[in-house]
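Each reported figure results from applying straightforward, stated rules to the coordinates on display, with no laboratory input. On a predicted model such as this, the values are computed, not experimentally measured, just so you know. Cβ atoms come from the backbone with ideal geometry, glycine included; neighbour counts cover every protein chain shown.
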Amino acid sequence: MKNMLLCLTLLLVMLFLLVSNDDAQGHRNSAMNLECASCHLEGPPAKIIIKGIPAKFQPGKAYQVTVEVVAKLKSLSESKGGFAVQASAGTLKVKDEKRTQILGDYLTHTPEGNKVRKWTFLWIAPTVEEEAIITVMGVAANGDYAPCGDAVAADAVVSKKAMDKSKK
Ligand code: HEC
């Protein structure tokens, strides 16, 4: 009950922010930042599965990555989920233009991508840096178009530059 109140208060604060700021709108068309959990509260457990980032990367090579938010939570509408990913090094690149897009320094879902809980994109490994951290946050939505009761999860993977065998 206490949580419910907190959630409602948050919702009111956010509605106020939405009204007072023309730029901020509902964001089924993308994620607004990486900190999903700062607004999405009180949901059931969820897990992020990141596939395709190697433990050791080859500089400049493109890796196809999939991210999935896994939760038992069923969605009541076509709004099923969303995510945002950021890479500390290397470049994120759109592969599935229908469901993903670049926004500032992260990659996130599009309106079409809001209808699924699994997304694919490319990560081009860095040529200078020795290490990259890929951070993902995702929401499995309950489909009520509100930030309450959704399942939120975060995860990160570290990838290190593979040893250059030619330089022995
Ligand atoms: C500043 C607050 C805020 C942050 C940060 C935020 N959200 Fe939301 N989110 C909202 C609000 C408000 C709504 C309801 C309005 C809407 O659907 O656009 C919402 C709705 C959603 C929905 C639809 C929910 C449903 O049940 O239908 C998804 C999916 C979603 N957000 C994903 C994300 C993801 C993924 C992140 C982080 C990468 C994120 N959000 C970060 C405030 C936030």
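Summary of values
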item	result
The range 2-163: C-alpha gyration tensor shape, a/c 1.5 cut-off, then a/b vs b/c	prolate
3J(HN,Hα) from dihedral phi, the range 123-135, Karplus parametrisation 6.51/-1.76/1.60, rounded to Hz, x for glycine, proline	10, 8, 5, x, 9, 9, 5, 8, 8, 9, 10, 9, 10
Contour minus Cα-Cα distance for GLU131 and ALA55 (0.36 nm per residue)	26.4 nm
Amide H contacts under 5 Å for TYR106, placed H, 5+ residues apart	none
Pair ALA162, THR9: separation of 7 Å Cα→Cβ label points (nm)	5.3 nm
Whole-Hz ³J(HN,Hα) from phi, Karplus 6.51 cos²θ - 1.76 cosθ + 1.60, for the range 78-84, glycine and proline x	7, 7, 10, x, x, 7, 8
Chymotrypsin sites (Phe, Trp or Tyr not before Pro) within the range 78-168, DSSP loop, no more than 15 other Cβ atoms inside 10 Å	TYR145
Spin-label pair ASP155/LYS47, simplified geometry with 7 Å Cα→Cβ offset, distance in nm	0.7 nm
Coil-residue GluC sites (Glu not before Pro) of the range 60-98, DSSP, other Cβ within 10 Å capped at 15	GLU78, GLU97
Assigned charges on the beta-carbon of Lys, Arg, Asp, Glu; the range 2-163 dipole about Cα centre (debye)	680 debye
Estimated distance in nm for a label pair at TYR145 and ASN33, the labels positioned 7 Å out from Cα along Cα-to-Cβ	2.5 nm
Under 5 Å, built H, 5+ apart or other chain: amide partners of LYS95	LEU122
